[in-house]
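In what follows, a structure is listed as structure tokens, so that the remarks can point back to it.
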Amino acid sequence: MSYHVAIIMTETETSLRKTEELRSFLFLTIVMVPVLTIVFVAAYGFAVWFYQMLIGGPPH
């Protein structure tokens, strides 16, 4: 059995939701993407450095 519930949002709720979505989008694009990029590059650099420590340096 399936129940369908109609959700009617008022103009204020719609406006608040749009504002929240815009803030979330800006936070993700301006803050999180650069931070995650730096973390991934640093992790890769650390992995290469550690690997070179184990095998005795960069290849010749």
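Since every read-out is calculated from the coordinates, none of them should be taken as a lab result. Computed from a predicted model, the values in this text were never measured in an experiment. Please note: Cβ atoms are built from the backbone with ideal geometry, for glycine as well, and neighbour counts cover all protein chains shown.
With (1) surrounded by 10 or more Cβ atoms within 10 Å (Cβ to Cβ); (2) outside any loop (DSSP other than H, G, I, E, B) as the list, and M9 as the residue in question, which single condition is left unmet?
(2)
Return the residue satisfying two criteria in turn: it lies in segment 12-60 and is over 15 Å from the mean Cα position of the chain (by Cα) and among the polar types (S, T, N, Q), and of such residues it is surrounded by the fewest Cβ atoms within 10 Å (Cβ to Cβ).
Looking at residues that are over 15 Å from the mean Cα position of the chain (by Cα) and among the polar types (S, T, N, Q), I get T12.
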